[in-house]
């Protein structure tokens, strides 16, 4: 049985004051029945890890370098994330792919480094609006999976997040059938590549304008094991509604 996961990506948001939202979340879910993960900016990671210590909530990073150390000014290694208290890292988010020109092979190298350091890697895949309208969605997703997911992946160290680029932060959400089609496709591809056991054990998240008002219906879709949430994870009151909806599925 795959354990459900509600993951919050704070992106480039949050200073010390934002930790109060994390503390409110720990009070609301002292013992959550699903996995709850918050990925704050790197400047808050260590303090966030201290804030959730002893609770059922964990913290993760938003990116890491493929190398363990070296002359990479401004970058953060997977070992550094672990040292700061992270157990997971988001990789290949569309904003990294677009803003920093990250290619599938870059994401794959980072994922190998993260897994070698003992981190779980949330590898993001997703199509643009133009690709969706051209009916190329599954081809794009398949290519991103083949190029971005390393061979050492298992149900313990890999999570795949489907985030249609055109739905991130726009308020637009694919239909439930569209979400189901992609998630079923991802599951089938994982089973084909890694075998039925591993393929079925990898958790699949949906991301893109998830909020308390639509979470329950999204979580009812085939092969949706949770959500990777952006803006709605910044406030404990909003994210709590999503966690509650996931706990009820």
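Every residue, every condition in (1) surrounded by 20 or more Cβ atoms within 10 Å (Cβ to Cβ); (2) within 21 Å of residue 157 (Cα to Cα); (3) in contact with a strand residue (DSSP E or B) (Cβ under 9 Å, 6 or more places away or on another chain), yes or no:
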position	(1), (2), (3)
40	yes, yes, yes
48	yes, no, yes
51	yes, no, yes
56	no, yes, yes
78	yes, yes, yes
Residue count, region 1-12 (criterion: at pLDDT 95 or above and either part of a helix (DSSP H, G or I) or surrounded by fewer than 17 Cβ atoms within 10 Å (Cβ to Cβ) (or both)): 3
Filtered residues of region 205-238 (kept if under 16 Å from the mean Cα position of the chain (by Cα) and part of a loop (DSSP other than H, G, I, E, B)): 207, 208, 209, 210, 211, 223, 224, 225, 230, 234
Which condition number in (1) under 27 Å from residue 68 (Cα atoms); (2) crowded, with 21+ Cβ neighbours inside 10 Å; (3) more than 16 Å from the chain's Cα centre (by Cα) is the one that residue 152 fails? (2)
Does residue 131 fit the bill of being surrounded by 16 or more Cβ atoms within 10 Å (Cβ to Cβ), in a helix (DSSP H, G or I) and without any contact (Cβ under 8 Å) to a residue 12 or more places away in the chain? yes
Those residues of region 103-128 which are within 15 Å of residue 60 (Cβ to Cβ) and crowded, with 18+ Cβ neighbours inside 10 Å amount to 110, 111, 113, 114, 115, 117, 119, 120, 121, 122, 123, 124
Considering only region 157-181, state which residues are in contact with a strand residue (DSSP E or B) (Cβ under 8 Å, 6 or more places away or on another chain), crowded, with 19+ Cβ neighbours inside 10 Å and either under 24 Å from residue 110 (Cα atoms) or free of Cβ contacts under 8 Å to residues at least 24 places away in the same chain (or both). 158, 159, 160, 161, 162, 163
At pLDDT 95 or above, crowded, with 20+ Cβ neighbours inside 10 Å, touching a helix residue (DSSP H, G or I) at 6+ places or on another chain (Cβ under 7 Å) and within 16 Å of residue 159 (Cβ to Cβ): is that true of residue 186 in this structure? yes
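The values are calculated or read from the model by the stated rules, or taken from the named source; none is laboratory data. Just so we're clear, the structure is a prediction, and the values are computed from it rather than from any experiment. We place every Cβ from the backbone using ideal geometry, glycine too, and count neighbours over all the protein chains shown.
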